[in-house]
Amino acid sequence: MTVTSEQRFGEFVAVRVHEGQEHVAELVLDRPKAMNAVSTDMARSIAAACAALAADPGVRVAVLTSSHERAFCVGADLKERNSFTDAELLRQRPTARAAYTGVLELPMPTIAAVHGFALGGGFELALSCDLIVADRTAVVGLPEVSVGVIPGGGGTQLLPRRIGAARAAELVFSARRVEGAEALGLGLVDELVEAGQDRTAALALAGRIAANSPVGLRAAKRALRLGHGLDLRAGLEVEDAAWRSVAFSGDRAEGVAAFNEKRKPNWPGE
(Lines give C-alpha, C1' and ligand atoms only; values in the text may rest on other atoms or scores of the structure.)
Protein backbone atom coordinates (compact mmCIF):
# COMPACT_ATOMS: atom_id res chain seq x y z
CA MET A 1 0.00 0.00 0.00
CA THR A 2 1.20 3.47 -0.86
CA VAL A 3 1.40 5.90 2.04
CA THR A 4 -0.30 9.14 1.01
CA SER A 5 0.30 10.95 4.30
CA GLU A 6 2.17 10.39 7.53
CA GLN A 7 2.25 12.37 10.76
CA ARG A 8 4.82 11.62 13.42
CA PHE A 9 4.10 11.88 17.13
CA GLY A 10 7.47 12.00 18.77
CA GLU A 11 10.10 9.47 17.77
CA PHE A 12 8.11 6.28 18.28
CA VAL A 13 4.58 6.67 16.89
CA ALA A 14 3.22 7.46 13.43
CA VAL A 15 -0.24 7.86 11.93
CA ARG A 16 -0.48 6.88 8.28
CA VAL A 17 -3.17 7.06 5.62
CA HIS A 18 -2.85 4.92 2.49
CA GLU A 19 -3.92 5.43 -1.09
CA GLY A 20 -7.46 4.20 -1.61
CA GLN A 21 -8.18 4.05 2.14
CA GLU A 22 -8.46 7.71 3.06
CA HIS A 23 -10.98 7.00 5.84
CA VAL A 24 -8.73 4.42 7.55
CA ALA A 25 -5.90 5.61 9.79
CA GLU A 26 -3.02 3.31 10.70
CA LEU A 27 -1.59 4.04 14.15
CA VAL A 28 1.91 2.57 14.03
CA LEU A 29 3.94 1.58 17.09
CA ASP A 30 7.43 2.35 15.82
CA ARG A 31 10.10 1.67 18.42
CA PRO A 32 11.68 -1.39 16.81
CA LYS A 33 14.95 -1.32 18.74
CA ALA A 34 12.99 -2.02 21.95
CA MET A 35 10.31 -4.28 20.41
CA ASN A 36 7.88 -1.40 21.00
CA ALA A 37 8.33 -1.44 24.78
CA VAL A 38 6.27 1.49 26.03
CA SER A 39 8.53 4.12 27.58
CA THR A 40 7.30 7.37 29.07
CA ASP A 41 8.01 9.21 25.80
CA MET A 42 6.24 6.55 23.76
CA ALA A 43 3.21 6.63 26.09
CA ARG A 44 2.95 10.39 25.58
CA SER A 45 3.14 9.89 21.83
CA ILE A 46 0.41 7.24 21.81
CA ALA A 47 -1.88 9.53 23.80
CA ALA A 48 -1.14 12.48 21.50
CA ALA A 49 -1.77 10.41 18.37
CA CYS A 50 -5.08 9.16 19.79
CA ALA A 51 -6.16 12.70 20.64
CA ALA A 52 -5.47 13.76 17.05
CA LEU A 53 -7.37 10.78 15.64
CA ALA A 54 -10.34 11.37 17.95
CA ALA A 55 -10.59 14.96 16.71
CA ASP A 56 -10.49 14.00 13.01
CA PRO A 57 -14.04 13.49 11.65
CA GLY A 58 -12.65 11.99 8.45
CA VAL A 59 -11.30 8.90 10.21
CA ARG A 60 -13.89 6.13 10.24
CA VAL A 61 -11.66 3.27 11.42
CA ALA A 62 -8.27 3.15 13.17
CA VAL A 63 -5.89 0.18 12.89
CA LEU A 64 -3.16 -0.29 15.51
CA THR A 65 -0.06 -1.89 13.98
CA SER A 66 3.62 -2.51 14.69
CA SER A 67 6.71 -1.76 12.65
CA HIS A 68 8.66 -4.61 14.34
CA GLU A 69 8.85 -7.91 12.47
CA ARG A 70 8.71 -10.13 15.56
CA ALA A 71 6.59 -8.20 18.04
CA PHE A 72 3.47 -6.14 18.32
CA CYS A 73 4.50 -4.71 21.70
CA VAL A 74 6.27 -6.35 24.65
CA GLY A 75 4.64 -4.08 27.23
CA ALA A 76 6.06 -1.49 29.57
CA ASP A 77 9.71 -0.50 29.26
CA LEU A 78 11.02 -2.38 32.30
CA LYS A 79 14.55 -1.09 31.78
CA GLU A 80 13.24 2.44 32.20
CA ARG A 81 11.04 1.38 35.11
CA ASN A 82 14.04 -0.17 36.85
CA SER A 83 15.68 3.26 37.00
CA PHE A 84 12.67 4.94 38.64
CA THR A 85 12.39 5.87 42.27
CA ASP A 86 9.02 5.17 43.88
CA ALA A 87 8.14 8.84 43.50
CA GLU A 88 9.06 8.83 39.80
CA LEU A 89 6.99 5.71 39.21
CA LEU A 90 4.00 7.34 40.85
CA ARG A 91 4.43 10.50 38.76
CA GLN A 92 4.68 8.45 35.57
CA ARG A 93 1.44 6.56 36.22
CA PRO A 94 -0.98 9.13 34.69
CA THR A 95 1.19 9.30 31.57
CA ALA A 96 1.11 5.52 31.17
CA ARG A 97 -2.65 5.37 31.77
CA ALA A 98 -3.29 8.07 29.19
CA ALA A 99 -1.78 5.88 26.46
CA TYR A 100 -4.15 2.99 27.13
CA THR A 101 -7.23 5.12 27.70
CA GLY A 102 -6.37 7.06 24.54
CA VAL A 103 -6.77 3.89 22.49
CA LEU A 104 -9.74 2.67 24.51
CA GLU A 105 -11.68 5.92 24.14
CA LEU A 106 -11.20 6.42 20.41
CA PRO A 107 -14.71 7.15 19.12
CA MET A 108 -14.41 5.20 15.88
CA PRO A 109 -14.08 1.40 15.52
CA THR A 110 -10.53 0.19 16.19
CA ILE A 111 -8.69 -2.95 15.11
CA ALA A 112 -5.38 -4.27 16.45
CA ALA A 113 -3.11 -6.15 14.02
CA VAL A 114 -1.03 -8.49 16.18
CA HIS A 115 1.95 -10.64 15.34
CA GLY A 116 4.73 -12.01 17.52
CA PHE A 117 4.79 -10.92 21.14
CA ALA A 118 1.88 -8.92 22.55
CA LEU A 119 2.56 -9.13 26.24
CA GLY A 120 1.53 -7.13 29.30
CA GLY A 121 0.86 -3.57 28.26
CA GLY A 122 1.24 -4.63 24.64
CA PHE A 123 -1.69 -7.00 24.91
CA GLU A 124 -3.60 -4.35 26.86
CA LEU A 125 -3.22 -1.97 23.92
CA ALA A 126 -4.73 -4.67 21.70
CA LEU A 127 -7.51 -5.36 24.24
CA SER A 128 -8.32 -1.64 24.17
CA CYS A 129 -9.32 -2.05 20.52
CA ASP A 130 -12.73 -3.30 19.43
CA LEU A 131 -11.34 -6.16 17.34
CA ILE A 132 -8.06 -8.08 17.27
CA VAL A 133 -6.68 -9.70 14.11
CA ALA A 134 -3.66 -11.91 14.83
CA ASP A 135 -1.37 -14.05 12.74
CA ARG A 136 -0.13 -17.51 13.68
CA THR A 137 3.09 -16.17 15.21
CA ALA A 138 1.15 -14.23 17.84
CA VAL A 139 1.94 -14.86 21.51
CA VAL A 140 -0.31 -12.98 23.91
CA GLY A 141 -0.57 -12.75 27.67
CA LEU A 142 -0.65 -10.67 30.83
CA PRO A 143 2.46 -11.74 32.77
CA GLU A 144 2.55 -8.82 35.23
CA VAL A 145 2.18 -10.86 38.43
CA SER A 146 5.42 -12.66 37.50
CA VAL A 147 7.29 -9.37 38.02
CA GLY A 148 5.40 -8.30 41.12
CA VAL A 149 2.70 -6.01 39.72
CA ILE A 150 -0.72 -6.44 38.10
CA PRO A 151 -2.05 -5.58 34.65
CA GLY A 152 -2.43 -1.82 34.93
CA GLY A 153 -3.42 -0.79 31.42
CA GLY A 154 -6.97 -2.08 31.65
CA GLY A 155 -6.22 -5.80 31.51
CA THR A 156 -8.06 -6.85 34.66
CA GLN A 157 -11.21 -5.15 33.36
CA LEU A 158 -11.01 -5.71 29.60
CA LEU A 159 -9.99 -9.37 29.61
CA PRO A 160 -12.94 -10.69 31.67
CA ARG A 161 -15.31 -8.65 29.51
CA ARG A 162 -13.86 -10.43 26.50
CA ILE A 163 -13.54 -14.04 27.73
CA GLY A 164 -15.31 -14.27 31.10
CA ALA A 165 -14.14 -13.92 34.69
CA ALA A 166 -12.78 -17.43 35.36
CA ARG A 167 -10.75 -17.71 32.15
CA ALA A 168 -9.37 -14.22 32.68
CA ALA A 169 -8.41 -15.08 36.26
CA GLU A 170 -6.53 -18.18 35.14
CA LEU A 171 -4.53 -16.21 32.58
CA VAL A 172 -3.77 -13.31 34.92
CA PHE A 173 -2.90 -15.49 37.93
CA SER A 174 -0.75 -17.95 35.96
CA ALA A 175 0.97 -15.22 33.89
CA ARG A 176 1.12 -17.73 31.05
CA ARG A 177 1.61 -16.92 27.40
CA VAL A 178 -0.94 -18.07 24.84
CA GLU A 179 -0.08 -18.80 21.21
CA GLY A 180 -2.21 -17.97 18.18
CA ALA A 181 -4.45 -21.03 17.75
CA GLU A 182 -5.30 -21.28 21.45
CA ALA A 183 -5.76 -17.52 21.63
CA LEU A 184 -8.42 -17.75 18.92
CA GLY A 185 -10.13 -20.64 20.69
CA LEU A 186 -10.25 -18.73 23.98
CA GLY A 187 -11.55 -15.58 22.32
CA LEU A 188 -8.40 -13.60 23.08
CA VAL A 189 -8.27 -12.66 19.40
CA ASP A 190 -11.10 -12.46 16.87
CA GLU A 191 -9.44 -13.61 13.65
CA LEU A 192 -6.35 -15.72 13.00
CA VAL A 193 -4.52 -15.40 9.69
CA GLU A 194 -1.34 -16.79 8.19
CA ALA A 195 2.03 -15.53 9.37
CA GLY A 196 2.76 -12.02 8.17
CA GLN A 197 -0.82 -11.32 7.11
CA ASP A 198 -2.20 -9.65 10.26
CA ARG A 199 -1.71 -6.08 9.07
CA THR A 200 -3.05 -6.77 5.57
CA ALA A 201 -6.10 -8.56 6.98
CA ALA A 202 -6.76 -5.84 9.55
CA LEU A 203 -6.55 -3.06 6.96
CA ALA A 204 -8.86 -5.01 4.63
CA LEU A 205 -11.39 -5.42 7.45
CA ALA A 206 -11.04 -1.73 8.25
CA GLY A 207 -11.79 -0.88 4.63
CA ARG A 208 -14.99 -2.91 4.71
CA ILE A 209 -16.09 -1.23 7.94
CA ALA A 210 -15.16 2.24 6.67
CA ALA A 211 -17.58 1.87 3.75
CA ASN A 212 -20.39 2.37 6.25
CA SER A 213 -21.79 5.56 7.78
CA PRO A 214 -19.24 7.33 10.01
CA VAL A 215 -22.08 8.70 12.13
CA GLY A 216 -23.60 5.24 12.43
CA LEU A 217 -20.27 3.60 13.25
CA ARG A 218 -19.49 5.99 16.10
CA ALA A 219 -22.99 5.75 17.53
CA ALA A 220 -22.94 1.96 17.33
CA LYS A 221 -19.60 1.86 19.15
CA ARG A 222 -20.99 4.18 21.83
CA ALA A 223 -24.00 1.93 22.35
CA LEU A 224 -21.87 -1.22 22.50
CA ARG A 225 -19.41 0.26 24.98
CA LEU A 226 -21.84 2.11 27.25
CA GLY A 227 -24.41 -0.67 27.29
CA HIS A 228 -22.01 -3.47 28.18
CA GLY A 229 -22.63 -4.80 31.69
CA LEU A 230 -25.91 -2.97 32.19
CA ASP A 231 -29.16 -4.80 32.77
CA LEU A 232 -31.25 -5.21 29.62
CA ARG A 233 -33.65 -2.37 30.36
CA ALA A 234 -30.83 0.11 30.99
CA GLY A 235 -28.93 -1.17 27.97
CA LEU A 236 -31.92 -0.59 25.72
CA GLU A 237 -32.08 3.00 26.97
CA VAL A 238 -28.43 3.44 25.96
CA GLU A 239 -29.27 2.02 22.56
CA ASP A 240 -32.27 4.33 22.18
CA ALA A 241 -30.15 7.37 22.98
CA ALA A 242 -27.62 6.29 20.35
CA TRP A 243 -30.42 5.72 17.83
CA ARG A 244 -31.82 9.20 18.45
CA SER A 245 -28.37 10.68 17.82
CA VAL A 246 -28.34 9.27 14.28
CA ALA A 247 -32.02 9.09 13.31
CA PHE A 248 -32.17 12.68 12.02
CA SER A 249 -28.61 12.87 10.70
CA GLY A 250 -27.48 13.59 7.18
CA ASP A 251 -25.98 10.11 7.04
CA ARG A 252 -29.35 8.51 7.77
CA ALA A 253 -31.03 10.55 5.02
CA GLU A 254 -28.26 9.70 2.55
CA GLY A 255 -28.26 6.02 3.49
CA VAL A 256 -32.00 5.65 2.92
CA ALA A 257 -31.84 7.61 -0.35
CA ALA A 258 -28.91 5.57 -1.64
CA PHE A 259 -30.67 2.31 -0.80
CA ASN A 260 -33.81 3.35 -2.68
CA GLU A 261 -31.83 4.68 -5.63
CA LYS A 262 -29.65 1.53 -5.73
CA ARG A 263 -26.37 3.42 -5.52
CA LYS A 264 -23.38 3.67 -3.21
CA PRO A 265 -23.90 6.18 -0.38
CA ASN A 266 -21.91 9.41 -0.33
CA TRP A 267 -21.80 9.89 3.41
CA PRO A 268 -21.85 13.51 4.60
CA GLY A 269 -20.55 12.37 7.98
CA GLU A 270 -22.97 14.46 9.99
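The heavy atoms of ILE209 present about 30 square angstrom of accessible area, all protein chains included, probe 1.4 Å.
Would you mind pulling out the separation of the Cα centroids of the range 140-174 and the range 193-226, in Å? With the range 140-174 and the range 193-226 each reduced to a Cα centre, they are spaced 25 Å. Listed peptides 113-122, 167-176 appear in the order 113-122, 167-176 once ranked by packing, highest mean of other Cβ atoms within 10 Å at the front.
Under the combined filter of DSSP loop state and at most 15 neighbouring Cβ atoms within 10 Å, the range 40-146 retains these GluC sites (Glu not before Pro): GLU69, GLU105.
Rolled with a 1.4 Å probe across the full set of protein chains, the surface gives ARG136 an accessible area near 130 Å². The 1.4 Å probe gives accessible areas that order MET42, MET35, largest first, as MET35, MET42. Remark: the ARG91-ALA211 segment gains 39.0 nm on full extension, using 0.36 nm per residue and subtracting the alpha carbon distance. For the range 68-123, just say rounded, prolate or oblate: build the C-alpha gyration tensor, square-root its eigenvalues into a ≥ b ≥ c, call rounded for a/c under 1.5, and beyond that prolate if a/b exceeds b/c, oblate if not. Here the range 68-123 falls in the oblate category. Quick check on the range 1-57: take the gyration tensor over C-alpha atoms, sort the square-rooted eigenvalues as a ≥ b ≥ c, and tell me if it's rounded (a/c under 1.5), prolate or oblate. Cα axes put the range 1-57 in the oblate bin.
Angle of helix 86-104 to the longest C-alpha principal axis of the chain, folded into 0 to 90 degrees and rounded to 10: 30°.
The apolar share of the surface of the range 102-186, taken as the fraction of accessible area on carbon and sulfur atoms (1.4 Å probe, ligands and nucleic acids excluded), comes to 60 percent. Its relative contact order, with pairs defined as Cα atoms under 8 Å and 6+ residues apart, puts the chain at 15 percent.
Remark: the range 111-270 carries 51 Å² of accessible area per residue (probe radius 1.4 Å; ligands, DNA and RNA excluded).
Of all DSSP-defined beta bridges confined to the chain, some 35% are antiparallel rather than parallel.
Taking the Cα of GLN157, stepping 7 Å toward and past its beta carbon, and measuring to each backbone N in the range 49-73: which are under 20 Å? What the label zone holds, given the 20 Å backbone N cut-off, is 50-51, 54.
Is the range 175-222 rounded, prolate or oblate when judged by the Cα gyration tensor, a ≥ b ≥ c being the square roots of its eigenvalues, rounded requiring a/c under 1.5 and prolate requiring a/b larger than b/c? In terms of gyration-tensor shape, oblate.
The values are calculated or read from the model by the stated rules, or taken from the named source; none is laboratory data. Predicted, not measured: the structure shown is a model, and the values here were computed from it. Don't worry about glycine lacking a Cβ; one is built from the backbone with ideal geometry, like all the others, and counts go over all protein chains shown. When the accessible area is computed, the model is the full protein with side chains, heavy atoms only, and any ligands, DNA or RNA have been set aside. Shrake-Rupley method; radii C 1.70, N 1.55, O 1.52, S 1.80 Å.
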